Amino acid sequence: MIQQSITSAAGAQWAFRRRGEQAWMHASVPGGAHTDLLALERIPDPFVGDNEIAVQWVAQADWEYRGIFEPSAQALAAAHLFLVADGLDTLAEVRLNGTLLGKAENMFRTYRWDVAGLLKAGRNELLVTFASAVNYCAARNAEKPLTPKSGMSLEGGVFVRKAPCHFGWDWGPMLPPVGIWRDLRLEGYAHARLEDVHVRQQHGKNGVTLSASVQAESWDAAPLSVRMVVTSPNGKKRFEASAPLAGGKAAVSVAVKKPELWWPNGYGAQPLYKVEVTLEAGGEAQDVKTFQVGLRTVEVRQGPDEWGQSFTFVVNGVPVFMKGSDWIPADSFPTRMTQERYEHLIRSAAEAHQNMLRIWGGGFYEDERFYDLCDRYGILLWHDFMFACYIYPHDEDAFIENIRHEVVDNVRRLRHRACLALWCGNNEMEQGWADWGWTRPEDPLRVLERAAYERFFYHTLPEWVAELDPDHFYWPSSASSNVPFEKPNSAERGDMHYWDVWHGRKPFTAYRQQYPRFMSEFGFQSLPPLETIATYAEPKDWNMTSYIMEHHQRSGNGNGLMIGQMTDTFRMPKDFAALSYLSMVLQAEGIRYGVEHWRRNKHRVSGTLIWQLNDCWPVASWSSIDYYGRWKALHYAAKRFYAPVLLSIEDAPPRMDVHVTSDVNAPWEGTVRWQLLTLGGEVVRSGEAGVKVPALASALACSLDFAADVESSPARRRELVFLAQLFQGGEQVSSSLATFVPNKHLELKDPQLAVEVRKEGRLAVFEIGARSLARFVELKLEGADTVFSDNYVDVPAGWKVRVTCPIPAGWSLARVKKALRVRSLYESYT
């Protein structure tokens, strides 16, 4: 076989133009109209100010992309030659040397066209014409209104198979890309090609059997065979087997003795085997497919218990509490994503002890680089299909057939992945029918649409998945009880999305009233760091109610909701820089409050996924990492509250209960030491308690009542804090601090923060000291985007807290000292 890419990187010369215009302009493929126009400085940066509005015309226009390329001699000599497009976004016609090859109408599908006899030696022209998906969707929605008019998104996005969030979301802009967004190539074959290879694993007492079910397309009577070679993670062992092809099909398997098992992050290593399947004719390779495989079992255990029905992920026989986040597309223009950006995000999730990401159904099936990294870092995936929050035309046969091809392409592409844990039908559509007023018995059309929904997500789609991938669990919707339209946010069964704190303006304490079986969405917004705000708003616009700040806030009155919750917890900040800082601390504290509660109740709750990990543009949002990869306070907090062994305080002043939660698959023992402290560091009371925690469990270490200490006067409550530390073998594992009044009522004094800076190898080491309690101490290096070992930390009076970070490339220690910026809660309002 031969493959020849015809992208820009492979040497093809690409140009584009608005349809109807004469002049061609330079283009990059993969790419799109927005990014090409931006590179040519024909449009302003859509992420700056309100430039998004000024570039709406781009997605409303039709575009032509022309590629000039020379096929190799091997391609021209191939008996069977195909043009393969992995991603056309979205409504496209493809012509080769003037001949129409076909049409595309789904950005998630791979398209393949036979081009044998159409290519010539020398210059060939490929023309891809894109019709405006925005115009098409608006016209369809006018005929059959399925999406409402709103300022959040463009109309009718449900009518095309394109990332729903491209049309706008409550955290993302209305910037639908258009163009060739994935690889475009020629594939040539002699006698046959591999049409499908299904790699499966069967675990038994004597090892693991890896098998491959093969389907091939052949064009002559040449005898064919399949050879499978499995290489161990260290490359030193090879397992091999062969089988003849009969009727276009073959099955081959190898036994892997003493297998190295793949584990989620925090539970073990992630060894990956290489599986290579080769189609041969007369000893010559006709086609080959290579897979990266981790050997593990994964199931969702649902069994009756005293609270209803469990929803627990079990990996290699071990129940695993899922700690993670929801993933959205990491750039509004996905072709700008690099290996480095993907790795930073996935590595950051792993460094915060996360073991699961949920690929949300309003985005797209991700790039192979994403799944490779999840395999490597031990990140399991709850994988939605691409449907979210609206009614889709599931009553249209052509629409269903288009989706069938999409499902086949993507399930076949991803089912072998170690990281894949679950397929989910959609995001929140079940809630729409049950709770959002979609169900209208008096409307005959709506009755038909509801029936079409149930038919597709409870019958058609799971049947497709069962046929294509019987080894993975299917779930109809998130959130869902797995009973059509019945309590999709049930606390008794299934998964839950809990938004009463954000949209319902309930206090953070409301999280402790919820006991979901699996929390797959909850969140609270913050502003991004000031450095990020500066990329889209000028200093004159640094005000929460300015036009630009509200343009970069897509969740209605989101800025007001942040301020409202802030007044419950903190004193109002003195300036906008302090507001940005305080919003991030507020977000971190709110999410910590919920996660610690659910981890303490892990006997009942089996996982928490924070909405959301990342951003697609610079914006106020629920993310823990902003568009530029900067960690917010929430991500540092997640590194603490998702730690394998968690010390948490269940504060109900004047009572303080100290818990230890363990994700270690063995009994854990340690010591809790606690102190009742004044803000100035005086120890009022202290004590310690030994704690024994069973494997994968949580335990109450001690319950303390400080009524006698804090209720003598209101002022006393404002001057005392409770500090708990967890030790094992003389080493501190973690610590936590709780107050007896809201932070806004603490009588904080100037902590007179002092930071000693030194160098240890390639690390800068910061020793932070304070003369009075300093809460949520933030470290920054001005001019560098740095991830610290910890940040937004509490520093009690007289203590030293150690934090490190890599020294930025080319920096001296003197420059680090000069660039260091430190602040705490006290400085936010004084």
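Given the criteria touching a strand residue (DSSP E or B) at 6+ places or on another chain (Cβ under 8 Å), crowded, with 16+ Cβ neighbours inside 10 Å and in contact (Cβ under 8 Å) with a residue 12 or more places away in the chain, does G248 qualify?
No, not satisfied.
Of the conditions (1) in contact with a Gly (Cβ under 6 Å, 6 or more places away or on another chain); (2) open to solvent by 50 Å² or more (accessible area, probe 1.4 Å), E454 clears all except one; give me its number.
(1)
Is it the case, given these coordinates, that V178 is of a type outside the set (S, T, Y), under 27 Å from I403 (Cα atoms), open to solvent by less than 10 Å² (accessible area, probe 1.4 Å) and at pLDDT 95 or above?
No.
Does any residue of the stretch 187-208 turn out to be touching a helix residue (DSSP H, G or I) at 6+ places or on another chain (Cβ under 7 Å) and in contact (Cβ under 8 Å) with a residue 60 or more places away in the chain?
Yes, that holds for at least one residue.
For the stretch 63-140, which fully contained strands (runs of 3 or more DSSP E) count at least 2 residues that are without any contact (Cβ under 8 Å) to a residue 24 or more places away in the chain?
In the stretch 63-140, 99-105 are the strands (runs of 3 or more DSSP E) which contain 2 or more residues that are without any contact (Cβ under 8 Å) to a residue 24 or more places away in the chain.
Could you please find all residues in the stretch 790-818 being closer than 30 Å to A738 by Cβ and hydrophobic (A, V, I, L, M, F, W, C)? Break it down stepwise before answering.
Going residue by residue through the stretch 790-818, those that are closer than 30 Å to A738 by Cβ are 790-805.
Answer for the stretch 790-818, where residues must be closer than 30 Å to A738 by Cβ and hydrophobic (A, V, I, L, M, F, W, C): V793, V795, A797, W799, V801, V803, C805.
Can you name every residue in the stretch 741-754 that is more than 36 Å from the chain's Cα centre (by Cα) and touching a residue at least 24 places away in the same chain (Cβ under 8 Å)?
H745, L746, E747, L748, K749, D750, P751, L753
Within the stretch 255-338, which strands (runs of 3 or more DSSP E) (wholly inside it) include 2 or more residues that are within 30 Å of G188 (Cα to Cα) and open to solvent by 50 Å² or more (accessible area, probe 1.4 Å)?
Working: elements: 273-281, 284-293, 298-301, 312-315, 318-320, 322-327.
Ranges flagged: 273-281, 284-293.
Is it the case that the stretch 131-149 has a residue that's open to solvent by 40 Å² or more (accessible area, probe 1.4 Å) and closer than 21 Å to S72 by Cβ? Before you say what the answer is, go through the steps one by one.
Within the stretch 131-149, the first condition is being open to solvent by 40 Å² or more (accessible area, probe 1.4 Å), and the residues that meet it are 131, 135-136, 138-140, 142-145, 148-149.
Imposing the further condition that a residue be closer than 21 Å to S72 by Cβ reduces the set to none.
No.
Each row is one residue, and each column tells you yes or no for (1) under 27 Å from A350 (Cα atoms); (2) in contact with a Cys (Cβ under 6 Å, 6 or more places away or on another chain); (3) assigned to a strand (DSSP E or B).
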{"residue": "F776", "(1), (2), (3)": "yes, no, yes"}
{"residue": "V787", "(1), (2), (3)": "yes, no, no"}
{"residue": "D790", "(1), (2), (3)": "yes, no, no"}
{"residue": "A797", "(1), (2), (3)": "no, no, no"}
{"residue": "V801", "(1), (2), (3)": "yes, no, yes"}
{"residue": "A814", "(1), (2), (3)": "no, no, no"}
{"residue": "K817", "(1), (2), (3)": "no, no, no"}
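Among the candidates V757, V787, single out the residue that is of a type in the set (A, V, I, L, M), in contact with a Lys or Arg (Cβ under 8 Å, 6 or more places away or on another chain), over 29 Å from P654 (Cα atoms) and in contact (Cβ under 8 Å) with a residue 60 or more places away in the chain.
Only one candidate qualifies: V757.
Return the pair list, or none, for Cβ contacts closer than 6 Å from residues in the stretch 712-733 that are touching a residue at least 12 places away in the same chain (Cβ under 8 Å) to residues that are open to solvent by 40 Å² or more (accessible area, probe 1.4 Å) and assigned to a helix (DSSP H, G or I), at least 6 apart or on different chains.
As it stands, the answer is R718/H745, since those pairs meet every condition given.
Go through the residues of the stretch 741-748 one by one and say whether even a single one is within 18 Å of A819 (Cβ to Cβ) and either crowded, with 17+ Cβ neighbours inside 10 Å or of a type in the set (G, A, S) (or both).
Within the stretch 741-748, the subset within 18 Å of A819 (Cβ to Cβ) is none.
No: the stretch 741-748 contains no residue that is within 18 Å of A819 (Cβ to Cβ) and either crowded, with 17+ Cβ neighbours inside 10 Å or of a type in the set (G, A, S) (or both).
Based on what the data block shows, is V197 farther than 23 Å from D409 by Cβ and surrounded by 20 or more Cβ atoms within 10 Å (Cβ to Cβ)?
So V197 does not fit the description; no.
With the structure loaded, tell me whether F399 is at negative phi, open to solvent by less than 10 Å² (accessible area, probe 1.4 Å), over 14 Å from the mean Cα position of the chain (by Cα) and of a type in the set (F, W, Y) or whether it fails that test.
Judged against the criteria, F399 is not a match.
So is K780 of a type outside the set (F, W, Y) and surrounded by fewer than 19 Cβ atoms within 10 Å (Cβ to Cβ) or not? Can you show your working first?
On the way: of a type outside the set (F, W, Y): yes; surrounded by fewer than 19 Cβ atoms within 10 Å (Cβ to Cβ): no.
Spelling it out, it is not the case that K780 is of a type outside the set (F, W, Y) and surrounded by fewer than 19 Cβ atoms within 10 Å (Cβ to Cβ).
If A510 passes every condition in (1) of a type in the set (A, V, I, L, M); (2) open to solvent by 20 Å² or more (accessible area, probe 1.4 Å); (3) modelled with pLDDT of 95 or more but one, which one does it miss?
Of (1) of a type in the set (A, V, I, L, M); (2) open to solvent by 20 Å² or more (accessible area, probe 1.4 Å); (3) modelled with pLDDT of 95 or more, only one is false for A510: (2).
The values are calculated or read from the model by the stated rules, or taken from the named source; none is laboratory data. Bear in mind that the values here come from a model prediction, so they are computed numbers and not experimental data. Ideal geometry is used to build each Cβ from the backbone, glycine not excepted, and the neighbour counts take in all protein chains shown. Only protein heavy atoms, including side chains, enter the accessible area calculation; ligands, DNA and RNA are left aside. Shrake-Rupley method; radii C 1.70, N 1.55, O 1.52, S 1.80 Å.
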